[in-house]
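The values are calculated or read from the model by the stated rules, or taken from the named source; none is laboratory data. On a predicted model such as this, the values are computed, not experimentally measured, just so you know. Don't worry about glycine lacking a Cβ; one is built from the backbone with ideal geometry, like all the others, and counts go over all protein chains shown. The accessibility values were calculated without ligands, DNA or RNA, using every heavy atom of the protein model including side chains. Shrake-Rupley method; radii C 1.70, N 1.55, O 1.52, S 1.80 Å.
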Amino acid sequence: MARAYAGLGKTADAVDAACGAVVSWGPTHQNRANAIAALRQAVLAAPDLDGFVAELDRQAAETGLGNPLVRKAVAQAYQEKKEYAKAIAQFKLACELAPNDLETHQALIACYDRQQDREGAIRQLLQSLQLARREIKLYEDLGKRYAALDRPKDAERAYTSMVEVLPAESESHAALAQVRQRQDRWSDAEAQWREVARIRALEPTGLLKLAEAQAHLKQCDALADTVKKLRARSWPSRF
């Protein structure tokens, strides 16, 4: 029904039908994906997207209600049309209506990047971190963005936050170690790989990376000790 209305250029009716599919999509992931795809297609096919948005705004002002999925679909349509300013406005509304949708936050960051608005992308990334405090890749991305803006103290704070939020996880120490290697701070990287080796003692990866850092630093005695530890064990076949 949504596709049929969209083919007739009746955007509002098409979106209503697609929203009906969303409400009744059932328990399977495929049904959900099909319903969302129908909604996006209905919006993307709108002959007058600006007019449809104006009607959405009027309804929202009148009822005080909003639909985050529809706003997100509208934003994605603008994004596909490369109208990034309009996409940002709609993504922001979608975030207000569904603040825990990390995908919408990421799409907003992508739009800011397209507009070369580096400060806007950072602001949005900081908001994303309020939702996903344990996503170490977000901290790494934030650090890179601060470094590109020549804000080394902020960049350092972002990088070290990876370990602060996950101090007992090897992934955070490994991520910080890789950052340190890119910064040519191999002594700091060596300390982080040592933590990886300690936390993941049943895997050789930490010791191998530790050995690499020690070889780079020409720490011959420490390297010999690490190699000895590697050879002293029979590692599982998957390694």
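Assorted remarks:
- In degrees, nearest ten, helix 68-80 long axis to first principal axis of the chain (Cα): 80
- Using the Cβ-Cβ distance between D48 and Q116 with R0 set to 30 Å, the FRET efficiency from 1/(1 + (r/R0)^6) comes to roughly 0.55.
- Carbon and sulfur %, accessible surface of segment 1-70 computed with the full protein complex present, 1.4 Å: 55
- Ranked from largest to smallest solvent-accessible area, with a 1.4 Å probe on the protein heavy atoms, S187, S234 come out as S234, S187.
- Computed over protein heavy atoms with a 1.4 angstrom probe, the accessible surface ordering of R180, R151, largest first, is R151, R180.
- Extension gain, E156 to Q178, is 6.6 nm, computed as 0.36 nm per intervening residue step minus the present C-alpha separation.
- Ranking of T205, T160 by solvent-accessible surface, largest first: T205, T160 (1.4 Å probe, protein heavy atoms only, all chains present).
- Rounded percent of accessible protein surface that carbon and sulfur make up, segment 195-239, 1.4 Å probe: 54
- Modelled spin labels at A232 and N34, positioned 7 Å past Cα toward Cβ, are 5.9 nm from each other.
- Accessible-area composition of segment 119-178, carbon plus sulfur, in percent [1.4 Å probe]: 50
- Charge sum, other residues only, whose C-beta stays under 15 Å from A37's C-beta, Lys/Arg counted +1 and Asp/Glu -1: +2
- Accessible area per residue in Å² at 1.4 Å probe, computed on segment 130-197: 52
- Fluctuation leader among K72, K218, K209 - the chain, Gaussian network, Cα springs under 10 angstrom: K218
- Our coupling estimate for segment 195-203, obtained by passing each phi through the Karplus curve with A = 6.51, B = -1.76, C = 1.60 and θ = phi - 60°, is 5, 4, 5, 6, 6, 9, 5, 8, 10 Hz, Gly and Pro reported as x.
- Extension gain, A148 to A132, is 3.5 nm, computed as 0.36 nm per intervening residue step minus the present C-alpha separation.
- Computed with every protein chain present, the accessible area of D117 is close to 50 Å² [probe 1.4 Å].
- Prolate/oblate/rounded call for segment 1-105, Cα gyration tensor, a/c under 1.5 rounded: rounded
- Based on protein heavy atoms only, segment 45-95 ends up with 50 Å² per residue of surface accessible to a 1.4 Å probe.
- Whether segment 102-228 is rounded, prolate or oblate, judged on the alpha carbon gyration tensor where a/c under 1.5 counts as rounded: prolate
- The convex hull of the Cα atoms of the chain, projected and averaged over all directions, covers 17.2 nm².
- Centre-to-centre separation between the Cα atoms of segment 1-42 and those of segment 182-205: 49 Å.
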